[in-house]
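Laboratory data are not the source of any read-out in this text; all were calculated from the coordinates shown. Every value quoted in this text rests on a predicted model; they were computed, and no experiment measured them. We place every Cβ from the backbone using ideal geometry, glycine too, and count neighbours over all the protein chains shown.
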Amino acid sequence: MNKEQAKERIEELRKQVEYHAKKYYDEDKPEISDFEYDMLMVELRNLEKEYPEFKSSDSLTQKVGGHVKEGFKKVTHEVPLQSLQDVFSFAEVEEYIEKTNEKAKENNIENTKYVVETKIDGLSAALEYKEGKFVRGATRGNGLVGEDVTENLRTIKTIPMELNEKIDITVRGEVFISKKDFEKMNQEREDDEKELFANARNAAAGSLRQLDSRITAKRPLDIYIFNVQKIEGKEFNSHFEELEYLSKLGFNVNPVRIYCKNIEEIENAIKKIGEEREKLTFGIDGAVVKVDDLKFREILGTTAKVPRWAIAYKYPPERKETILKDIVCQVGRTGVITPMAILEPVRVAGSKISKTTLHNEDFIKEKDIKIGDTVVIQKAGDVIPEIVEVKKKKRTGNEIDFEMPKVCPVCGAPTIREEGEVAVRCTGIECPAKLFRNLVHFVSREAMNIDGLGEAIIKQLLDKGLIKNVADIYALKFEDIASLKKNGKKFAENLINSINRSKKNDLYRLITAFGIRHVGTKASKVLAKRYKNMKNLMNATSEELALIEDIGPIVADSIREFFLQDQTIDLIEKLRKAGVNMRHQEETNSDDRFNGKTFVLTGTLEKYTRNEASDIIEKLGGKTSSSVSKKTDYVLAGEDAGSKLTKAQNLGVKILTEKEFEELIK
């Protein structure tokens, strides 16, 4: 490689690492693995070393990669929160120890000791205490300036709000999510059709950097403290001594710390952590080797980016070959059908892997995966097993192409994949796999509004076999409900009354309760008003439905497909027999003060839900829209109103406060 080629490659690598660092540190959405990113950095660092004339202070080899997220206050760290120099072989570890020991001899320091710790895979944070009380916490940011996340950190149960001594101290720790909690979180997100977290580190980082601490409080964050940044009134000789003191103060200190006297003990410690990493409850992405003598640390000093008194050994990701024996499909609570690879069992990173998700149809096609293939398995972030490669040269010709099922493997209803989506879904309303979610939606406030029938009660009813479909709600007996709670007679009486009241609901609520894809409350009201009764709606054609304002062809097809299914026809007949109203109840309302007026709602209202406010507007002749335009007459803005409010201000649209709205509807 000549100089010109080196310059071009350096510039190309800098762009790549900047892009991926932004995805990792700022957006918490990495597109490549840690190992792939590390290899880009190693190549860049080596080229900059070989061609120093192209070295730049702006390169990520010279500075920490994070930035301060908009919306957070900035915190300047009194003591910088630096990164660590990564190494990838024992040869590099030995080279570092030799240089450090030579420096020790030059300064008449004998018997240099080291501490080897786990490198926790999370987000670094500094915690500041005054007189033993927690006063402020910040993320690392770019090492010099971080984000004030004090309120979010207060939600982490393992962070003491008051220490066992009244002391001024700033400590550094790593916020993380345990392996078990991460798996649970991702399972819940998959059930709710939300994007999965790439790994536990990004889940932790994204959770800590929420602008709303109430969201953070719902996430299972934990923290291990691993360093004293600054302390008043006390001095320590060694890092190991510091860690012991931090434990006495009440901190949750990094549990894996091995005291080492020489290179042999250091390498054994790194190997031991590597061998036992699978047993750890938290994820790690390496082992940290630190000089124990704090005065020697001062002599060694730091660069702009990393301390010279520590390095991080990064373990390579373990990969294994195995046979993909079969692909089976699982149906989630929302009806999404997920293909699952059944594997010849193989041990990867200390655990036995016999199956892994194949995500969706596109993933299988992209990797050209066939049943019978030899595949390479890797554990992403030491937690999730994934197929990273297909060994196509090992194919025998007996491999079988896989196709997503045309009918649901659980209930036999047709499946559908809509344009622009990767998910294939079951369309059956009575599918047992979807039953819990369907029931929760059916009884919700926006739908049939059955007060008292919450998720916990629904689970009990399902567990006891008292309901097996939506219509069974209307067959519940007083004694069945009363048995769910101690002294449950009053509860049963109230719930039976609520169920009976729901039978008289307007037709639009029943349409909403069906959970037809793309059909919400607004479209349900339009349909109820247009077709007057369930029979007319069931007979409507796609072409006819598509011509209705606010419906369109995609929604029309979804409605038509829903009402053509045997499961739907069966459910409607059961509900009819149970006495559930199937007709639109015409409103005799002469007050149409909002006739021809379009409202957009944004933010959180104090006295009304958005649906309640929309109902009021529609009863007074107005209509609501989800987007602001020049045709918008009013924007009703509550707390935390966002971009819609800004757009309304720019367009000169009339903005109403909740108080002004109440004046209008008096």
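With respect to the cross-link table entries Lys234/Lys314; Lys406/Lys525; Lys179/Lys218; Lys434/Lys535, which display a Cα-Cα separation exceeding 28 Å?
Working: Lys234/Lys314 34 Å; Lys406/Lys525 32 Å; Lys179/Lys218 17 Å; Lys434/Lys535 25 Å.
Pairs exceeding the cut-off: Lys234/Lys314; Lys406/Lys525.
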### Distance from the range 128-171 to the range 428-464 (C-alpha centre basis), Å
42
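Can you tell me the convex hull volume per residue for the range 382-439, based on C-alpha atoms, in Å³ to the nearest whole number? Before the final figure, lay out each step's value.
Working: hull volume 10.4 nm³, N = 58.
Given the Cα convex hull of the range 382-439, per-residue volume reads 180 Å³.
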### Message
Based on C-alpha coordinates, I'd like the Rg and Dmax of the range 74-313, in Å.
### Response
18.3, 62
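For every helix of n ≥ 4 consecutive DSSP H residues, a contribution of -39,500 (n - 2.57) applies; sum these over the chain, divide by its total residues, and give [θ] at 222 nm rounded to the nearest 500 deg cm²/dmol.
Numbers: 24 runs with 240 residues, N = 666.
Estimated from H runs of four or more residues: -10500 deg cm²/dmol.
Would you work out the relative contact order for the range 185-318, in percent, from Cα pairs under 8 angstrom that are 6 or more residues apart? If you can, show how the numbers build up before the last one.
Numbers: 90 pairs, mean separation 23.4, N = 134.
About 17 percent, as a whole number.
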### Query
How long are the semi-axes of the ellipsoid equivalent to the range 191-342, from square roots of 5 times the Cα gyration tensor eigenvalues, in whole Å, largest first?
39, 23, 14
### Task
Give the Debye-formula value of log10 I(q)/I(0) at each listed q (0.07, 0.10 Å⁻¹), with one equal scatterer per alpha carbon of the chain, two decimals each.
-0.65, -1.14
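Could you work out the relative contact order of the chain, using alpha carbon pairs under 8 angstrom and six or more residues apart, expressed as a whole percent? If you can, show how the numbers build up before the last one.
Numbers: 1161 pairs, mean separation 56.9, N = 666.
It comes to 9 percent, rounded to a whole number.
Could you list Ser56, Ser238, Ser524 so that the one with the fewest beta carbons within 10 Å of its beta carbon is first and the one with the most is last?
Working: Ser56 11, Ser238 18, Ser524 22.
Final ranking by Cβ density, sparse to dense: Ser56, Ser238, Ser524.
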### Task
Under 15 Å Cα to Cα from Lys295, which aspartates and glutamates show up? Leave out anything in the same chain fewer than 8 places away.
Glu106, Glu110, Glu235, Glu241, Glu242
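Please list, by residue number, every one of the GluC sites (Glu not before Pro) in the range 506-575 that is coil in DSSP and has at most 16 other beta-carbon atoms within 10 Å.
Working: sites: Glu543, Glu544, Glu549, Glu561, Glu573; in loops: Glu549.
Within the range 506-575, the qualifying GluC sites (Glu not before Pro) (loop, at most 16 other Cβ atoms within 10 Å) are Glu549.
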### Query
Taking Rh as the Kirkwood radius computed over C-alpha pairs, what is the Stokes-Einstein D of the range 428-577 at 37 °C in a medium of viscosity 0.692 mPa s, expressed in µm² per second?
204
### Message
At 7 Å along Cα-to-Cβ for each site, give me the label-to-label distance between Arg583 and Glu232 in nm.
### Response
7.8
#### Entry: Net +/- balance of residues flanking Val135 in space, Cβ distance below 14 Å, scoring K and R +1, D and E -1
-1
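Over all distinct Cα pairs, what is the inverse of the mean 1/r for the range 470-544, reported as the Kirkwood hydrodynamic radius in Å? Let's see the in-between values first.
Details: mean 1/r = 0.0692 Å⁻¹.
Value: 14.4 Å, from the Cα pair sum.
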### Task
Could you sort out which of Lys325/Lys391; Lys22/Lys391; Lys194/Lys325 sit more than 21 Å apart by Cα distance in this structure?
Lys22/Lys391; Lys194/Lys325
#### Entry: Inter-part distance where the range 505-581 and the range 69-94 are each reduced to a Cα centre, Å
57
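For the range 255-322, which semi-axes, largest first and in whole Å, follow from the square roots of 5 times the eigenvalues of its Cα gyration tensor? Display every interim value, and only then the final one.
Numbers: eigenvalues 144, 43, 23 Å².
Values for the range 255-322, descending: 27, 15, 11 Å.
R0 = 41 Å: FRET efficiency of Lys490 with Lys184, Cβ-based, nearest 0.05?
Details: r = 35 Å, r/R0 = 0.85.
Efficiency, from the Cβ-Cβ distance: 0.70.
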#### Entry: Given charges at beta-carbon only (K, R positive; D, E negative), |dipole| of the chain in Debye
1960
### Message
Taking the 0 to 90 degree range and rounding to the nearest ten, how far is the long axis of helix 34-50 tilted relative to the main principal axis of the chain, both from C-alpha atoms?
### Response
40
### Task
Anything over 24 Å Cα to Cα? Flag those among Lys49/Lys230; Lys459/Lys574; Lys184/Lys370; Lys623/Lys666, in the order listed.
Lys49/Lys230; Lys184/Lys370
### Task
Enumerate cysteines in the chain without a disulfide-compatible partner, where compatibility requires another Cys Cβ under 4.7 angstrom.
Cys260, Cys329
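Just to check, using Stokes-Einstein with a Kirkwood Rh over alpha carbon pairs, what's the diffusion coefficient of the range 319-394 at 10 °C and 1.306 mPa s in µm²/s? Provide the component values of the computation, followed by the final result.
Details: Rh = 12.6 Å.
For the chosen part, D equals 126 µm²/s.
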### Between 0 and 90°, nearest 10: helix 566-577 axis offset from the chain longest Cα axis
60
### Query
Toward the positive end of the charge dipole of the range 527-598, about the Cα centre and with charges on Cβ (Lys, Arg +1; Asp, Glu -1), which of Leu545, Asn595, Leu571 goes farthest?
Leu571
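Could you state, as a whole-number percent, how many of the C-alpha pairs of the range 259-368 are farther apart than 24 Å? Can you show the working numbers first?
Numbers: 3145 of 5995 pairs.
The proportion of pairs with Cα distances above 24 Å equals 52 percent.
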### Query
Which angle between 0 and 90 degrees, to the nearest 10, do you get for helix 552-564 versus the longest principal axis of the chain when only C-alpha atoms count?
70
### Query
Using the Cβ atoms and a cut-off under 13 Å, what net charge is assigned to the surroundings of Asp373, where Lys and Arg are +1 and Asp and Glu are -1?
+1
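Pick out, in residue order, every one of the chymotrypsin sites (Phe, Trp or Tyr not before Pro) in the range 208-284 that is DSSP loop and has at most 16 other C-beta atoms within 10 Å; say none if there are none. Before the final figure, lay out each step's value.
Values: sites: Tyr224, Phe226, Phe236, Phe240, Tyr245, Phe251, Tyr259, Phe282; in loops: Phe236, Phe251, Phe282.
Filter output for the range 208-284: Phe236.
What net charge do the residues around Gly621 carry, taking every other residue with its C-beta under 9 Å from that of Gly621, with Lys and Arg at +1 and Asp and Glu at -1? Don't skip to the answer; put the middle values down first.
Working: positive: Arg593, Lys597, Lys619, Lys623; negative: Asp591, Asp592, Glu618.
That sum, taken over residues with Cβ under 9 Å, equals +1.
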### Task
Mind putting together the pair-distance distribution for the range 598-665? All Cα pairs, 10 Å bins, whole percent per bin, short to long.
22, 61, 17
### Task
Could you name the lysines whose alpha carbon sits less than 18 Å from that of Lys55, not counting residues in the same chain fewer than 8 places away?
Lys3, Lys7, Lys15, Lys63, Lys305
### Message
Test of understanding: express the Cα radius of gyration of the range 204-284 as a ratio to 2.2 N^0.38 Å, with N the residue count.
### Response
1.41
### Query
So how do Tyr24, Tyr315 line up by other beta-carbon neighbours within 10 Å, fewest first?
Tyr315, Tyr24
### Query
Can you give the relative contact order of the range 598-665 as a percent, counting alpha carbon pairs under 8 Å and 6+ residues apart?
38
